Amino acid sequence: MKKMPDKIAIDGPAASGKSTVAERLAEELGYLYFDTGVMYRAVTLAALKHLSRVEDETAVTELAQRVCIDVKPPSMDDGRKYDVFLDGQDVTWEIRKPEVDQNVSQVSAYSGVRQEMTSQQRRIGERGRVVMVGRDIGTVVLPNADLKIYLDASVEERAKRRHKEVLERGRSETYEEILSSMRRRDEIDSTRKIAPLVAAKDAYILNSDGLTVDGVLQKIHALLK
Ligand code: DC
């Protein structure tokens, strides 16, 4: 039998199913599950709270270097997979609000912000026994990952999934609003100059259209074997 990969990178666009799949995979393997998107979301929330404009790249970068972001095991049974803290305050749900969705792509395109987040993520990832999820894990954060997966799905399917999640959380955004915000984020994430959303050359590309989480996991298990 092949040796189990020590570092697993899962990249892909918003709502491609990567977080759910990665979380389940990490649990099965007894590895750490690390969703790097929460760090960019936490910086964005900090910028919205403390700055007048998220367009001020210098100020947002300074803030990213100053704030303390922490991710810990879940302390509450309210559907969360982990606790996210920003300067000691629990922001687990706040980082999911529409204002953060609308601004996070811009904040995560700033080179200084990426530098800071990448070095923090690498420190955790390099310890191994990790399933790390994001946009640039296989290309930039852990280019030496033992298994790289790029999980894709059509934008309509992804917006449908996100809309279902949002309704379950009692919010009232429409499918059309989510679809248009997702198209905008895809565009910014995949065309930004630094660490754009792109599959690593050595990544396995999986399309999750029409597949359940179990279906995607089966494909990943086939790769592990
Ligand atoms: O996966 P998510 O939707 O929570 O990610 C939020 C944003 O963070 C997304 O628009 C792109 C950015 N991101 C990134 O640039 N690099 C990562 N490794 C993870 C997320």
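The values are calculated or read from the model by the stated rules, or taken from the named source; none is laboratory data. Bear in mind the structure is a predicted one, so any value in this text is a computation, not a measurement. Counting neighbours? That spans all protein chains shown, and the Cβs are built from the backbone with ideal geometry, glycine included. Only protein heavy atoms, including side chains, enter the accessible area calculation; ligands, DNA and RNA are left aside. Shrake-Rupley method; radii C 1.70, N 1.55, O 1.52, S 1.80 Å.
Could you tell me whether any residue of segment 48-58 is open to solvent by less than 70 Å² (accessible area, probe 1.4 Å) and of a type in the set (Gly, Ala, Ser)? So far as segment 48-58 goes, no, none of its residues is open to solvent by less than 70 Å² (accessible area, probe 1.4 Å) and of a type in the set (Gly, Ala, Ser). On the stretch given as segment 40-94, residues that are assigned to a strand (DSSP E or B), touching a Ser or Thr at 6+ places or on another chain (Cβ under 6 Å) and of a type outside the set (Asp, Glu) total 1.
Checking Gln89, Gln65, Gln120 one by one, the residue that is within 14 Å of the ligand (Cβ to nearest atom) and surrounded by fewer than 20 Cβ atoms within 10 Å (Cβ to Cβ) is Gln120 and no other.
When residues in segment 135-170 are screened for being assigned to a loop (DSSP other than H, G, I, E, B) and surrounded by 13 or more Cβ atoms within 10 Å (Cβ to Cβ), 8 of them pass. Contact annotation: residue pairs with Cβ atoms under 6 Å, 6 or more positions apart or on different chains, pairing a residue in segment 34-49 that is charged (D, E, K, R) with a partner that is surrounded by fewer than 24 Cβ atoms within 10 Å (Cβ to Cβ) and not in a strand (DSSP E or B), are Asp35/Ser19; Arg41/Ile95; Arg41/Val100. The set of residues from segment 188-198 being assigned to a helix (DSSP H, G or I), more than 7 Å from the ligand (Cβ to nearest atom) and surrounded by 14 or more Cβ atoms within 10 Å (Cβ to Cβ) comprises just one member, Ile188.
The set of residues in segment 1-39 being open to solvent by 10 Å² or more (accessible area, probe 1.4 Å), of a type outside the set (A, V, I, L, M) and part of a loop (DSSP other than H, G, I, E, B) consists of Lys2, Lys3, Pro5, Asp6, Gly17, Gly30, Tyr31. Within segment 139-154, the residues that satisfy the criterion of being more than 10 Å from the ligand (Cβ to nearest atom) and in contact (Cβ under 8 Å) with a residue 60 or more places away in the chain are Leu142, Asn144, Ala145, Asp146, Leu147, Lys148, Ile149, Tyr150, Leu151, Asp152, Ala153. There is no residue in segment 92-111 that is more than 16 Å from the ligand (Cβ to nearest atom), open to solvent by 20 Å² or more (accessible area, probe 1.4 Å) and of a type outside the set (Lys, Arg).
Condition test on Arg184, is it loosely packed, with under 15 Cβ neighbours inside 10 Å, within 23 Å of Gln106 (Cβ to Cβ) and in contact (Cβ under 8 Å) with a residue 60 or more places away in the chain? Criteria met by Arg184.
Being touching a residue at least 24 places away in the same chain (Cβ under 8 Å) and either touching a Leu at 6+ places or on another chain (Cβ under 8 Å) or surrounded by fewer than 17 Cβ atoms within 10 Å (Cβ to Cβ) (or both) is the filter here; which residues of segment 199-209 pass it? Residues satisfying the conditions are Asp202, Tyr204, Ile205, Leu206, Asn207, Ser208, Asp209. Among the numbered conditions (1) closer than 20 Å to Thr20 by Cβ; (2) more than 15 Å from the ligand (Cβ to nearest atom); (3) open to solvent by 60 Å² or more (accessible area, probe 1.4 Å), the only one that Lys81 does not meet is (2).
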